[in-house]
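Engineer: Here you go, one structure.
The values are calculated or read from the model by the stated rules, or taken from the named source; none is laboratory data. Remember, it's a predicted structure, so these values are computed and weren't measured experimentally. Heads up, the Cβs are rebuilt from the backbone with ideal geometry, glycines too, and the neighbour counts pull from every protein chain shown. The area values use the complete protein model at the heavy-atom level, side chains included, leaving out ligands, DNA and RNA. Shrake-Rupley method; radii C 1.70, N 1.55, O 1.52, S 1.80 Å.
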2 protein chains.
Amino acid sequence: MHPETNSLLLQLFMIFVWAKVFGELFERIHLPAVLGEILAGVVLGPFATRLIVPSDTIHSIAEIGAIFLLFTVGLETSPGSLIRVGRVSLRVAVAGIIAPFVLGFAFLHWRHEPTHEAAFIAVAMVATSVGITARVLRDMDVLKSRPAQIILGAAVFDDILGMLVLGVLVSTVSSGGVQWLHLGVVGAEAIGFALFMIFIAPRVVNRLRPRIAHMQTQDAPLVLALALCLGLSVLSTRLGMAAIIGAFFAGLAFADYSHQWNLEPRAQAINQFLSPFFFFSMGSQLDLSVIDRNVLVLSLVLSVIAIFSKIAGSSVALIGESWRNMMKVGVGMTPRGEVALIVALIGLKMQMISQRSYALVIVMTAVTTLLPPPFLRMLFEPSDRPALPDDDTSRITGRIG
Amino acid sequence: MHPETNSLLLQLFMIFVWAKVFGELFERIHLPAVLGEILAGVVLGPFATRLIVPSDTIHSIAEIGAIFLLFTVGLETSPGSLIRVGRVSLRVAVAGIIAPFVLGFAFLHWRHEPTHEAAFIAVAMVATSVGITARVLRDMDVLKSRPAQIILGAAVFDDILGMLVLGVLVSTVSSGGVQWLHLGVVGAEAIGFALFMIFIAPRVVNRLRPRIAHMQTQDAPLVLALALCLGLSVLSTRLGMAAIIGAFFAGLAFADYSHQWNLEPRAQAINQFLSPFFFFSMGSQLDLSVIDRNVLVLSLVLSVIAIFSKIAGSSVALIGESWRNMMKVGVGMTPRGEVALIVALIGLKMQMISQRSYALVIVMTAVTTLLPPPFLRMLFEPSDRPALPDDDTSRITGRIG
């Protein structure tokens with residue numbers, strides 16, 4: 001093999017191993033592995049020790065990793081449950097998007113941040129990463145409780161709406177400034193795409209099942225799902241949205257047959273291989289030198305706003321429920337995760353946000369992810385445990401930890 | 001996402017879909033899918049229609065694909081069976097390597113080909129791809145017969161020996177000419193590495209099992225296997241061998257626990273995603289304009305030598321067996337596959353062989369892969385079917401089709 005491949009292989013090996021070592025250490029002190037993988041990139045990357053300076057090829061592989069990450073999330077999200085979980089979850093999701101976006105944007109605007117930076121950071125404050133919450137709730141065996149169900153449904157809508165907002169933002173920014181007609185077109189495209197992918201695409205896949213069964217290609221369902229994942233990623237970028245949105249919907253289209261075709265563990269395997277490069281690459285792009293006292297204070301204030309706004313938004317949506325249920329849902333919706341980080345990374349890549357704003361989002365994500373677990377353990381009670389075994393809702397819970 | 005990623009995504013999508021479409025069409029006319037995927041690269045690539053001109057990133061992803069291809073082959077090869085199948089298979093493998101190499105090299109030398117080109121082509125003529133054979137024999141339900149068992153064992157040794165010969169060749173060529181001391185050192189390193197990986201590494205993995213079970217990382221066995229795959233690939237190149245050799249041995253080290261840890265379908269999924277890029281990239285590097293009448297005739301003569309030498313070698317190794325058994329094993333060992341193609345591609349990348357020689361190997365691989373199946377169906381008889389159901393040897397049969 002030629003020398004270039006050798007150094008690529010060496011980088012792949014080093015990044016994979018270090019990301020996993022940091023992840024393992026984080027897991028051992030009961031912190032999310034994903035934060036460890038990002039920290040590996042920060043510590044070993046070009047802005048700190050300079051031990052591993054990822055090449056362009058690594059960054060490309062990292063972006064393919066982001067695509068498979070969202071593809072897997074889609075695969076674990078049942079479109080049927082999404083439709084059934086219904087109004088309460090949708091209300092929580094919408095309120096939980098509007099409150100952080102408006103409060104975050106208003107605060108940053110008041111602090112005289114440039115409008116597009118404020119918009120990107122505010123969008124990053126929107127999307128809930130339910131993985132951490134689902135893991136805590138599963139460990140406590142309270143996943144079937146009403147608040148848990150609301151959280152799981154809302155988190156899914158949250159992802160979709162968050163990604164649509166991101167799509168609109170990216171498209172607006174890349175066309176240079178807010179153009180209302182353009183914004184309307186992209187918004188309509190995004191919503192149309194989402195509705196098609198939630199209501200129609202799963203039926204198309206269902207209809208095609210006999211044909212898929214007759215295909216000669218080995219592992220035909222997996223091959224088709226991968227092809228759709230790549231195809232919709234391309235289509236999303238053509239529609240002016242982020243590629244990950246298409247990947248998510250590709251997963252969603254196959255979600256109902258994920259079990260039958262054994263897709264989830266196999267998509268997860270591709271994910272296991274590729275996602276460390278994504279998180280490492282993400283960490284490696286964080287310039288530590290921008291984190292001074294000012295940035296630290298600002299990011300902590302933003303974290304407080306992110307936490308408060310989610311709880312407030314959820315509570316407004318849940319008026320009529322008990323105070324304790326409002327808190328359970330609000331705290332459960334608090335963690336920000338992959339989507340926030342992806343939004344920030346896209347902003348950085350498009351040169352729409354500065355290194356400083358990128359650092360703000362990463363610190364905000366870390367704080368909102370680290371704080372909720374102990375409070376969730378306090379809020380949920382033994383009475384939230386199921387009286388009867390029931391497996392109906394386990395399908396929408398398997399998010400990334 | 002930035003425009004570069006967009007075009008990367010578009011290329012990934014186009015290549016994946018076209019490779020699979022060609023593969024599906026080939027399967028439908030009962031030809032190996034892999035030949036279809038290569039043909040897609042030839043037809044759509046830069047030397048023909050120029051519809052898809054793979055970028056450097058695609059070629060890098062293709063080489064990672066080759067690594068996972070051999071990793072999966074290793075994972076499907078039980079080191080225990082390898083040791084047990086024993087002397088007959090080893091004899092067939094050794095004779096089946098020496099005969100094609102010596103005859104191929106002698107013929108090309110006589111035709112005044114440059115020494116290093118002759119050596120690369122001769123090495124490409126060595127390694128059996130048992131996937132096709134195994135599939136035909138499985139369809140006929142004669143996998144448990146003595147000739148089938150000899151074939152499967154010999155094909156595995158063949159791979160290992162073929163890759164060791166490749167390692168020695170690459171290292172010799174890259175150090176500029178045959179240096180006997182260097183050759184000896186690399187040969188010893190290669191054999192030492194192989195012996196360590198066959199006899200010691202699986203025991204090390206066995207010993208580490210309790211520790212692996214205690215790891216907090218999600219899917220720890222898969223993560224470790226992937227890390228070892230990347231690590232040994234790097235190590236192989238450092239020892240002066242091809243990266244794929246390390247990848248193969250990494251798979252072999254985990255093969256005994258592949259079932260318990262559900263590694264094989266998950267490694268296969270990574271393979272399903274990456275290998276189309278490898279085969280497409282391979283096809284896209286075939287310059288059709290070099291295939292004139294002369295090259296066509298020469299490649300057909302080489303194919304005849306490749307077929308005859310495997311049958312002759314196997315027969316010599318099987319003296320004492322019936323003529324029909326000799327033929328069964330000889331014909332079964334005839335198909336050349338991935339390894340031949342990888343050898344040729346490495347030669348092309350190192351600029352050690354010309355486009356013309358690359359074309360020779362591709363045609364030879366196609367011919368030796370397409371011819372054997374009908375003859376195998378003629379040679380094997382109903383009496384080769386098992387009297388009793390027995391699942392002992394299915395472990396070394398699951399090669400790639």
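Engineer: List the chymotrypsin sites (Phe, Trp or Tyr not before Pro) in region B:262-292 that DSSP assigns to loop (not H, G, I, E or B) and whose Cβ has at most 16 other Cβ atoms within 10 Å. Which are they?
Structural biologist: none
Engineer: Residue B:336's amide H: which non-local residues (gap 5+, or another chain) put their own amide H closer than 5 Å, with H modeled 1.01 Å from N in plane and none for Pro or chain starts?
Structural biologist: Sorted by chain and number, the residues that satisfy this are B:129, B:368, B:369.
Engineer: Put a label point 7 Å from Cα along the Cβ direction on residue A:238, then list its distances to the equivalent points in the other copies in nm, shortest first.
Structural biologist: Distances between equivalent label points, in nm: 4.6.
Engineer: Taking a label point 7 Å from Cα toward Cβ, how far is residue A:320 from its twins in the other copies, in nm, shortest first?
Structural biologist: Between copies, matching label points for residue A:320 lie 8.7 nm apart.
Engineer: Next up: Report, ordered by chain and residue number, the aspartates and glutamates lying within cross-link reach of residue A:349, taken as a straight Cα distance under 15 Å and ignoring same-chain residues fewer than 8 apart.
Structural biologist: Excluding near neighbours in sequence, the set is A:56, A:63, A:117, A:287, B:4.
Engineer: For the pair residue A:288/residue A:351, report the inter-label distance in nm, with labels modelled 7 Å from Cα in the Cβ direction.
Structural biologist: Reported label-point gap for residue A:288 and residue A:351 is 2.7 nm.
Engineer: Which whole number gives the average count of other chain Cβ atoms within 10 Å of the Cβ atoms across peptide A:20-28?
Structural biologist: Per-residue shielding by partner chains comes out at 3.
Engineer: For n ≥ 4 DSSP H runs only, could you compute -39500 (n - 2.57) per run for chain B, divide by its residues and tell me the 222 nm figure to the nearest 500?
Structural biologist: Rounded to the nearest 500, it is -24500 deg cm²/dmol.
Engineer: Calculate the FRET efficiency for residue A:260 and residue A:211 from the Cβ-Cβ distance with a Förster distance of 25 Å, rounded to the nearest 0.05. All intermediate terms of the calculation are to be shown ahead of the outcome.
Structural biologist: Values: r = 15 Å, r/R0 = 0.61.
Once the sixth-power term is evaluated, E becomes 0.95.
Engineer: Two-decimal Rg/Rh of chain A from alpha-carbon positions, Kirkwood Rh? Write down the numbers at each step before the final one.
Structural biologist: Working: Rg = 20.4 Å, Rh = 21.4 Å.
With Rh from the inverse mean 1/r over Cα pairs, Rg/Rh is 0.95.
Engineer: List the residues, sorted by chain then number, that are 5 or more residues from residue A:55 or on another chain and whose placed amide H is less than 5 Å from its amide H.
Structural biologist: Distant-sequence amide H within range of residue A:55: zero hits.
Engineer: If you rank B:257, A:358 by how much accessible surface each has, with a 1.4 Å probe, what is the order from largest down?
Structural biologist: B:257, A:358
Engineer: By the scheme Lys and Arg +1, Asp and Glu -1, what is the net charge of all other residues having a beta-carbon under 14 Å from that of residue A:327?
Structural biologist: +2
Engineer: Shielding of A:44-57 by partners, i.e. mean partner chain Cβ atoms within 10 Å per residue? Intermediate results must be reported in sequence, preceding the final value.
Structural biologist: On the way: counts 0, 0, 0, 0, 0, 0, 0, 0, 0, 0, 0, 2, 4, 8.
Counting other chains' Cβ atoms within 10 Å and averaging over A:44-57 gives 1.
Engineer: Counting pairs of alpha carbon atoms under 8 Å apart in space and at least six apart in sequence, what relative contact order in percent does region A:1-62 give?
Structural biologist: So the answer I get is 29 percent.
Engineer: Continuing with the same structure: If I compute solvent accessible area with a 1.4 Å probe over the protein chains, what percent of it on the protein assembly as shown is carbon and sulfur?
Structural biologist: Roughly 65 percent of what the probe reaches on the protein assembly as shown is carbon or sulfur.
Engineer: Could I ask something else about it? How many percent of the alpha carbon pairs in the protein assembly as shown exceed a separation of 39 Å? Write down the numbers at each step before the final one.
Structural biologist: Details: 129879 of 321201 pairs.
Result: 40 percent of Cα pairs exceed 39 Å.
Engineer: Can you put A:299, B:354 in order of accessible area, largest first, using a 1.4 Å probe? It would help to have the intermediate numbers written out before the result.
Structural biologist: Numbers: A:299 0, B:354 40 Å².
Result, largest first: B:354, A:299.
Engineer: Here's a follow-up. Quick one: with label points 7 Å out along Cα→Cβ, list the inter-copy distances for residue B:374 in nm, shortest first?
Structural biologist: In nanometres, ordered from closest: 7.6.
Engineer: Over all residues in A:222-230, what is the mean tally of Cβ atoms on other chains that come within 10 Å of each residue's Cβ?
Structural biologist: The per-residue average across the peptide is 5.
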